[in-house]
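A quick write-up on the structure given underneath.
The values are calculated or read from the model by the stated rules, or taken from the named source; none is laboratory data. Note that the structure is predicted; figures quoted are calculated from it, not measured. For neighbour counting, all protein chains shown are included, and Cβ atoms are generated from backbone atoms with ideal geometry for every residue, glycine included.
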Amino acid sequence: MIYPMEEQMPEGVAAHYDELDKYYLEIWGEHVHHGLWETGRERTDEATRLLTVRLAEAIGIDEGHRVCDAGCGYGGTARLLAKEFGAEVTGYTLSERQYDFAKTQTGDADNPVYHCQDFFDNTLPDASFDAAISIESSEHMPDKELFFREFFRILKPGGRVACYAWLANPDPDGWMINYFLEPICREGRLPSMGDSTDYRALLQGAGFVDFTFRDYSQEVKKTWPVIIGRMAKRLTWDSEARAFLFNGPENRLFAKTVLRIWLAYETGAMHYGLFTARKPEAGESPAMDESREEAVEVQTGAGDGIDPVFPFPEDS
């Protein structure tokens with residue numbers, strides 16, 4: 001696990017997204033996460049949608065399923081799951097700006113439901129959700145063990161968890177930590193950044209079984225040249241953006257972090273992947289079932305249409 005030199009707290013995460021709200025919305029859009037380029041030919045909007053679709057398919061989100069989206073941002077994923085998959089979604093965000101935007105997009109509809117609240121302060125009933133998801137939000141959690149224990153608590157027996165996460169190289173050189181991973185954590189308001197082994201331990205420690213992990217680093221890294229290009233174009237004509245970059249609040253430094261993240265992917269310092277797991281059925285032992293550690297396959301739409309999803313690396 002990589003830790004920043006300065007402790008990062010939820011209030012800092014909320015301030016980061018509130019202060020940068022204008023630029024997140026105008027440069028990223030309502031989906032503040034990576035895109036997934038399976039063929040490399042997808043438009044950016046197609047790639048961002050595809051990232052969510054692959055998560056939903058991986059854990060079988062379907063009509064009427066209750067889904068908890070911890071770290072829902074502007075609610076783009078929640079609305080997609082409600083509209084395209086028929087799910088009933090409850091989302092949490094720390095950011096008042098994100099919450100306000102999400103509410104305006106939903107209007108008087110009661111699905112999705114949004115909360116501007118620390119997920120750790122939720123009052124959700126035990127065993128009340130079919131799925132719990134985290135798209136690039138677990139990185140912001142100061143207590144990742146408690147985070148996954150909360151997911152376990154709110155899921156029904158047999159419920160599924162899916163988590164896209166920014167990941168550290170499992171054996172980083174010193175320069176990777178000093179120039180990329182530690183500054184990315186500090187500037188991006190991440191209390192820590194784990195690797196795939198850390199996440200497996202977190203999921204297993206919370207009681208989950210049927211673990212899978214898929215490394216999507218190559219499919220998502222195009223996100224950062226796209227964002228850098230949009231930022232550069234914006235700075236050429238927007239004097240307000242230039243003034244913000246040079247004289248704005250501390251979180252303006254995230255513009256530099258974007259360059260770090262791009263280089264972190266290119267050098268292998270940073271990875272990206274999707275984790276899934278299942279809460280055991282009532283009476284089922286939470287101990288790992290070795291027979292479930294075989295590779296499984298899912299439809300991806302790339303190439304021949306079928307790519308393998310492997311268990312965690314040390315089980316292969």
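Brief remarks follow.
- Some residue of the stretch 33-47 being under 26 Å from Asp130 (Cβ atoms) and among the basic types (Lys, Arg): no
- Conditions (1) modelled with pLDDT of 95 or more; (2) more than 30 Å from Ala282 (Cα to Cα); number of the one not met by Val209: (2)
- Qualifying residue in the stretch 172-189 (condition: buried (at least 23 other Cβ atoms within 10 Å of the Cβ), in contact with a Leu (Cβ under 8 Å, 6 or more places away or on another chain) and not in a helix (DSSP H, G or I)): no
- One residue alone among Tyr17, Tyr23 is among the hydroxyl-bearing types (Ser, Thr, Tyr) and within 18 Å of the chain's Cα centre (by Cα), and that residue is Tyr17.
- For the stretch 131-139, the criterion of being more than 29 Å from Glu19 (Cβ to Cβ) and not acidic (Asp, Glu) is satisfied by at least one residue.
- Taken as a whole, the structure places Ala102 among residues that are in a helix (DSSP H, G or I) and of a type in the set (Gly, Ala, Ser).
- The stretch 210-219: number of residues that are part of a strand (DSSP E or B) and in contact with a Leu (Cβ under 9 Å, 6 or more places away or on another chain): 5
- Test result for Tyr199, in contact with a strand residue (DSSP E or B) (Cβ under 6 Å, 6 or more places away or on another chain), in contact (Cβ under 8 Å) with a residue 40 or more places away in the chain and surrounded by fewer than 21 Cβ atoms within 10 Å (Cβ to Cβ): no
- Applying a threshold of 9 Å to beta carbon distances and a minimum spacing of six or more residues, or different chains, the list of pairs starting in the stretch 150-163 at a residue that is at positive phi and ending at one that is assigned to a strand (DSSP E or B) reads Gly158/Asp130; Gly158/Arg278.
- Scanning the stretch 254-285 for residues that are under 23 Å from Ile61 (Cβ atoms), modelled with pLDDT under 95 and not small (Gly, Ala, Ser) returns Glu281, Glu284.
- Under the condition of being β-branched (Val, Ile, Thr) and farther than 23 Å from Asp130 by Cα, the residues counted in the stretch 72-107 number 1.
- Matching residues, the stretch 137-171, being charged (D, E, K, R), farther than 23 Å from Glu266 by Cα, in contact with a strand residue (DSSP E or B) (Cβ under 9 Å, 6 or more places away or on another chain) and part of a helix (DSSP H, G or I): Glu150
- Selection within the stretch 104-124 - under 21 Å from the mean Cα position of the chain (by Cα) and of a type in the set (D, E, K, R): Asp118, Asp121
- Some residue of the stretch 59-77 being over 22 Å from Leu124 (Cα atoms) and of a type in the set (D, E, K, R): no
- Tabulated pairs, the stretch 99-123, first closer than 15 Å to Ala14 by Cβ, second of a type in the set (Asp, Glu), C-beta under 9 angstrom, 6+ apart or interchain: Phe101/Asp21; Phe101/Glu30; Ala102/Glu30; Cys116/Glu96; Cys116/Asp100; Phe119/Glu150; Phe120/Asp143; Phe120/Glu150
- Being in contact with a Pro (Cβ under 6 Å, 6 or more places away or on another chain), within 28 Å of Phe211 (Cα to Cα) and among the β-branched types (Val, Ile, Thr) is true of Val89.
- Leu80 being in contact with a Ser or Thr (Cβ under 6 Å, 6 or more places away or on another chain), surrounded by fewer than 23 Cβ atoms within 10 Å (Cβ to Cβ) and either closer than 26 Å to Gly158 by Cα or not acidic (Asp, Glu) (or both): yes
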